[in-house]
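Since the structure comes first, as structure tokens, the remarks are kept for the end.
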Amino acid sequence: MLKLRNIMTTDVVSVTPLTTLRDAMELLARRHVSGAPVLQGDKVVGVVSASDLIGFAASQPGVPTEQEEPGDTEWRDWSDLPVPDVSDAEDEPSAEFFTDLWDDAGAEVTERMASVEGPEWNVLEEHEVREVMTRRLWALKPGDAVEQAAELMSRAGIHRVLVVDEGALVGIVTGTDIARAVAEGKVQARTYVFNRDREFREPWS
């Protein structure tokens, strides 16, 4: 059984609650990652994604506004999540969805990012990660199975899982890590047995 410690990324890109949104966006772009855990000292207090940053900037008129004080971090118990109905599942919005929210959506992406005078950049400089980060955290242990992480991502509708050992962040596993493990044949296929009612059960159950 393949464990998370065998596929997780240990060189984790992270930010702090006080990192400005602009610095966070630049870091994610520079390291080519779509999200990062938010650390306060050694403690994980949230997760921020590129979608969080873009969505926040796009929703602002360009003038910084007062934000409510964020609440406490909430760790979630994934085992109680319902199994998703794949037939009704909706894909994550495409890049076009987010670009349509920018005032200068007609410009090239590189052009927009090179110009730091626009209102969206002012907003990113005036606000911090703690204002937009997700405080509902999902974590597994290094010894947990890769299949368990895949099931968690499917049920929770997330793209990354924190790997925590005795309260300390030791790595992160993304959907890409799992897909790569499957492509390389590292994840074993399960065998199912059907009973008379055509209901399947795992052979060890």
Legend entry - Distance in nm between pseudo-label sites at Val12 and Leu27 (7 Å out along the Cβ direction from Cα): 1.3
Inset, instruction - Any lysines with Cα under 20 Å of the Lys43 Cα? List them, leaving off those in the same chain fewer than 8 positions away. - result: Lys141
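So what's the net charge close to Asp42: Lys and Arg +1, Asp and Glu -1, counting the other residues with Cβ under 15 Å from its Cβ? Walk me through the numbers before you get to the answer.
Values: positive: Lys43; negative: Asp165, Glu166.
Local charge sum for Asp42: -1.
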Inset, instruction - Just subtract the alpha-carbon distance of Glu151 and Ser51 from 0.36 nm times their residue separation and send over the number in nm, one decimal. - result: 33.8 nm
Inset, instruction - Would you list, by chain and number, the lysines whose Cα falls below 17 Å from the Cα of Lys186, excluding same-chain residues fewer than 8 positions away? - result: Lys3
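Values quoted throughout were computed directly from the atomic coordinates according to the rules given, and no laboratory measurement underlies them. Being a predicted model, the structure only gives us computed values, none of them experimental. Positions of Cβ are backbone-derived with ideal geometry, glycine not excepted, and every protein chain shown enters the neighbour counts.
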